[in-house]
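Below you'll find the structure, written out as structure tokens, and then a few comments.
The values are calculated or read from the model by the stated rules, or taken from the named source; none is laboratory data. Here the structure is a predicted model, which means the values were calculated and not measured. Here the Cβ positions follow ideal geometry from the backbone for every residue, glycine too, while neighbour counts run over all protein chains shown. Each accessible area value is taken on the protein alone, full model and side chains, heavy atoms only, with ligands, DNA and RNA left out. Shrake-Rupley method; radii C 1.70, N 1.55, O 1.52, S 1.80 Å.
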Amino acid sequence: MNENLHDTQFFQTVQENRMDVDQVLDLVYTALSEKGYNPVNQIVGYVMSGDPTYITSHKNARSLIMKVERDDILELLLSYYIRHKIDRH
């Protein structure tokens, strides 16, 4: 037992099997395409509104996309655009 009651203990959790945003987007894009949806339109609808019903439940895509923050999705997409479209000039 900690004898100094004035010290704060630190507790850190470990996130196991955490998928990164690009993996989630890849899986969601594939699932939407397989179901015949326009993946870009559906993902934009989700990012703008936060409504998960824009994403199909096929291949667990809806659950997957809800595990990442929408601002992380936007940051990834914007970073990719800047690296490939703006920084090239």
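If I ask for residues that are open to solvent by less than 60 Å² (accessible area, probe 1.4 Å) and charged (D, E, K, R), which ones from segment 52-89 would you list?
Asp72
Of all residues in segment 30-54, count the ones that are in a helix (DSSP H, G or I) and either within 16 Å of Arg70 (Cα to Cα) or of a type in the set (Val, Ile, Thr) (or both).
Selection size over segment 30-54: 15.
Can you tell me which residues in segment 55-74 are over 16 Å from Met19 (Cβ atoms) and assigned to a helix (DSSP H, G or I)?
Result: His58, Asp71, Leu74.
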